[in-house]
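The next block holds one structure in the form of structure tokens; read it before the comments.
The values are calculated or read from the model by the stated rules, or taken from the named source; none is laboratory data. Note that this is a predicted model, so its numbers are computed, not measured. Here the Cβ is made from the backbone with ideal geometry for all residues, glycine too, and neighbour counts use every protein chain on show.
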Amino acid sequence: MRIFISSLYTETNTLSPIPTGLRAFEEYGLIRDASMRQDVPASVPLGEIRRLAQACGDEIIEGLSASAQPAGKTVRAVYEKLRDSILVDLRAAQAAAPLNMILLALHGAMVADGYDDCEGDLIARARAIAPDAVIGIELDLHCHLTDAMVREADVIIAVKEYPHIDMAERANELFHICRRTALGEVNPVAALVDTHMIGAYPTFDAPMSGIVANLRAVETRASILTATIAHGFAWADVAEVGTKVLVYADTDLRGAVREAVALSQQIYDTREELLPRYPDIATSLDRATALPGLVVLGDFADNPGGGAPGDSTYFLRELLARGIRDAVVGCFWDPMVVELCAEAGIGATLTIRLGGKCGVTSGEPIDLTVQVLGLREQHDQGCFGFRQKLGRAVWIRSQGIDIAVCSARSQVFDPDAFTGLGIALADKRLIVVKSSAHYQARFSEIADHLWHVRTPGAMSLDFAAIPYSKRDGQYFPRVQDPWALHGQPEPRTFVRRRALA
Ligand SMILES: [Zn+2]
């Protein structure tokens, strides 16, 4: 088998004040050997595919991998340049000898100026170059899962878990289903259901954990190849935003439809329980200070992993106002503060203006006298099997609070985002991280108590109030029972290799 692999990966929050240009991709790296490295998101899925291909004696031709931290729309010329770079390599590979498979690690919620569905555009162009190749796509579950993507690909699989701990597991599944398709052993046919819901659903806790268990059970049934719940990414003003279910069966279209309908019904019936009822900052701090042990809190709305700036000050301001000590907060994205503190040097005391710089959702900056206690020129952290860059970073302390400040914007995934700067966590009472849910995977190992906090910021949990202009307002929770308006949504079906059926 000849297999082309490549990756284009960013999540676009169209409400974010931060544009995504070429520098954002260069910061993570524009590389052609992601599958043999450990420092970009594509390393995990593409590395797994390379390992499996080698075991099968298949040939891998690897194209560009480009990823950027989530932010606002990608600049049009930058998207086109990255896309065309992938397609030039793909065309050359196909010209050398026909490809059997094209396996791409994409996000699924990338928006560029002039392109609301970058992945659908890329997959369609890949299809035009290699009409007979099996095209398999691994997506983030925070994807829009558009009709164009499903129509042009043979198999699409999104991760099942949020935190995304199963990227390698899904790549393994994708590789095997696509290889069997290329060998003519199976014939994937798909059913796609739009649930008319918009939300955010971490999977480590009930009720979503139970729905994911059922999703896995569906895949054990006769003829079912794979099933995906695409949670969707709410903070994007695109026509196809929303929560969807996609089921592939081997030739058995009725089976795919039946399981997709049943899964969407289960999610829909659970919609009230799936609403995020997280406590606000004041309630969380009241509760945290009364609890024994280490409390870890997630600052949901200032999550750079969802395109938020990472410089909001609401949480830190409340900690300071309450005189809470033995606390850790981070990671602030404030390159200017990093520069000033690095220039002053370790041990220096100086007055800085921290955060609150990127927009109205960031709140007001905080003027603080701080001591510089740690500095790393190239800080990084663990992230689901790869190392994620945090850039030049400092550890500063003020009024008993340790603060991590970074120059490369990222949510916190791993305690080593703090310990890597020298911050000890063992004697702390409270850790506040800028992340919505991914931090839960590693911080639950050290926390006595952990929960997500409803904070002000760029990722509002008030889904009914997000100002969409490109889709209708007939979705839950803006409407209590959207299915009552038009009936249960009809699955859309996709049959690509009819000749084999
Ligand atoms: Zn995601």
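The single residue among Thr220, Thr226, Thr243 that is buried (at least 18 other Cβ atoms within 10 Å of the Cβ) and farther than 16 Å from His107 by Cα turns out to be Thr226.
When the stretch 219-237 is filtered for residues that are closer than 30 Å to Ser436 by Cα and away from the ligand (no atom under 16 Å from the Cβ), the ones remaining, listed by number, are Glu219, Thr226, Ala227, Asp237.
Go over the candidates Arg83, Arg76 one by one and state the one that is surrounded by fewer than 20 Cβ atoms within 10 Å (Cβ to Cβ), under 24 Å from the mean Cα position of the chain (by Cα), closer than 16 Å to Leu122 by Cα and modelled with pLDDT of 95 or more. Before the answer, list the steps.
On the way: Arg83 fails: surrounded by fewer than 20 Cβ atoms within 10 Å (Cβ to Cβ).
None of the other options fit; the residue is Arg76.
The residue that is farthest from the ligand (Cβ to nearest atom), among those in the stretch 26-42 that are buried (at least 23 other Cβ atoms within 10 Å of the Cβ) and hydrophobic (A, V, I, L, M, F, W, C), is Ala34.
Of Thr369, Thr351, Thr361, Thr283, which residue is modelled with pLDDT under 95 and farther than 30 Å from Ala227 by Cβ? Step through it out loud before you land on a result.
Details: Thr369 fails: modelled with pLDDT under 95; Thr351 fails: modelled with pLDDT under 95; Thr283 fails: modelled with pLDDT under 95.
So the residue among Thr369, Thr351, Thr361, Thr283 that is modelled with pLDDT under 95 and farther than 30 Å from Ala227 by Cβ is Thr361.
At pLDDT below 95, hydroxyl-bearing (Ser, Thr, Tyr) and not in a helix (DSSP H, G or I) - does that describe any residue in the stretch 28-39? No: the stretch 28-39 contains no residue that is at pLDDT below 95, hydroxyl-bearing (Ser, Thr, Tyr) and not in a helix (DSSP H, G or I). Only a single item in (1) assigned by TED's automatic domain parsing to the domain that holds Ile324; (2) touching a helix residue (DSSP H, G or I) at 6+ places or on another chain (Cβ under 9 Å); (3) crowded, with 19+ Cβ neighbours inside 10 Å; (4) of a type outside the set (Asp, Glu) is not met by Met459, and it is number (1).
If you go through the stretch 231-247 one residue at a time, do you hit one that is without any contact (Cβ under 8 Å) to a residue 60 or more places away in the chain and farther than 30 Å from Ile61 by Cα? There is at least one residue in the stretch 231-247 that is without any contact (Cβ under 8 Å) to a residue 60 or more places away in the chain and farther than 30 Å from Ile61 by Cα. Listed by position, the helices (runs of 4 or more DSSP H) contained in the stretch 219-328 that have at least 3 residues being more than 30 Å from Glu173 (Cβ to Cβ) are 281-290, 314-322.
If you check Ala249 against the conditions, is it modelled with pLDDT of 95 or more, touching a helix residue (DSSP H, G or I) at 6+ places or on another chain (Cβ under 9 Å) and farther than 29 Å from Pro467 by Cα? Steps first, please.
Working: modelled with pLDDT of 95 or more: yes; touching a helix residue (DSSP H, G or I) at 6+ places or on another chain (Cβ under 9 Å): yes; farther than 29 Å from Pro467 by Cα: yes.
Here the answer is yes, as Ala249 does meet what is asked.
The lone criterion from (1) within 16 Å of the ligand (Cβ to nearest atom); (2) more than 28 Å from Ser35 (Cα to Cα); (3) assigned to a loop (DSSP other than H, G, I, E, B); (4) at pLDDT 95 or above left unmet by Met459 is number (4).
Beta carbons closer than 8 Å, at least 6 apart along the sequence or on distinct chains, never pair a first residue in the stretch 94-121 that is farther than 23 Å from Ala239 by Cβ and not assigned by TED's automatic domain parsing to the domain that holds Val241 with a second that is within 16 Å of the ligand (Cβ to nearest atom) and assigned to a loop (DSSP other than H, G, I, E, B).
Of everything in the stretch 273-308 that is out of contact with any His (no Cβ under 6 Å at 6 or more places or on another chain) and among the hydroxyl-bearing types (Ser, Thr, Tyr), the residue that is nearest to Arg429 (Cα to Cα) is Thr289. For Ala417, indicate whether it is in a helix (DSSP H, G or I) and surrounded by 15 or more Cβ atoms within 10 Å (Cβ to Cβ). It is true that Ala417 is in a helix (DSSP H, G or I) and surrounded by 15 or more Cβ atoms within 10 Å (Cβ to Cβ).
For the condition within 16 Å of the ligand (Cβ to nearest atom) and surrounded by 17 or more Cβ atoms within 10 Å (Cβ to Cβ), what is the one hit in Phe332, Phe315, Phe386?
Numbers: Phe332 fails: within 16 Å of the ligand (Cβ to nearest atom); Phe315 fails: within 16 Å of the ligand (Cβ to nearest atom).
The conditions single out Phe386.
Just to be sure, is Arg496 assigned by TED's automatic domain parsing to the domain that holds Gly184 and surrounded by 19 or more Cβ atoms within 10 Å (Cβ to Cβ)? Against the criterion (assigned by TED's automatic domain parsing to the domain that holds Gly184 and surrounded by 19 or more Cβ atoms within 10 Å (Cβ to Cβ)), Arg496 qualifies.
For beta carbons closer than 6 Å, sequence separation of 6+ or different chains, a first residue in the stretch 1-26 that is without any contact (Cβ under 8 Å) to a residue 40 or more places away in the chain and closer than 18 Å to Val241 by Cβ and a second that is in a strand (DSSP E or B) and of a type in the set (Ser, Thr, Tyr), there are no qualifying pairs. Residue check: Leu192 meets all listed conditions (1) in contact (Cβ under 8 Å) with a residue 12 or more places away in the chain; (2) within 16 Å of the ligand (Cβ to nearest atom) but one, namely (2).
Considering only the stretch 181-195, state which residues are more than 16 Å from Ala158 (Cα to Cα) and surrounded by fewer than 24 Cβ atoms within 10 Å (Cβ to Cβ).
Our first condition is that a residue be more than 16 Å from Ala158 (Cα to Cα); within the stretch 181-195, this holds for 181-187, 189, 195.
Hits for the stretch 181-195 are Ala182, Leu183, Gly184, Glu185, Val186, Asn187.
For the stretch 153-174, the candidate set comprises residues that are in contact with a strand residue (DSSP E or B) (Cβ under 7 Å, 6 or more places away or on another chain) and in a helix (DSSP H, G or I); within that set, the residue that is nearest to the ligand (Cβ to nearest atom) is Arg170.
In the stretch 288-297 there is no residue matching the filter, namely being surrounded by 24 or more Cβ atoms within 10 Å (Cβ to Cβ) and not assigned by TED's automatic domain parsing to the domain that holds Lys434. Taking the listed residues Phe476, Phe413, Phe386, the one that is modelled with pLDDT under 95 and within 24 Å of Phe204 (Cβ to Cβ) is Phe386, with no other qualifying.
Go through the residues of the stretch 131-147 one by one and say whether even a single one is assigned by TED's automatic domain parsing to the domain that holds Arg180, away from the ligand (no atom under 16 Å from the Cβ) and part of a helix (DSSP H, G or I).
Of the residues in the stretch 131-147, the ones assigned by TED's automatic domain parsing to the domain that holds Arg180 are 131-147.
From what is left, the residues that are away from the ligand (no atom under 16 Å from the Cβ) are 131-136, 146-147.
Filter again for part of a helix (DSSP H, G or I), leaving 147.
Checked the stretch 131-147: at least one residue is assigned by TED's automatic domain parsing to the domain that holds Arg180, away from the ligand (no atom under 16 Å from the Cβ) and part of a helix (DSSP H, G or I).
Of His379, His486, His452, His438, all but one fail to be in contact (Cβ under 8 Å) with a residue 12 or more places away in the chain and exposed (fewer than 15 other Cβ atoms within 10 Å of the Cβ); the exception is His486.
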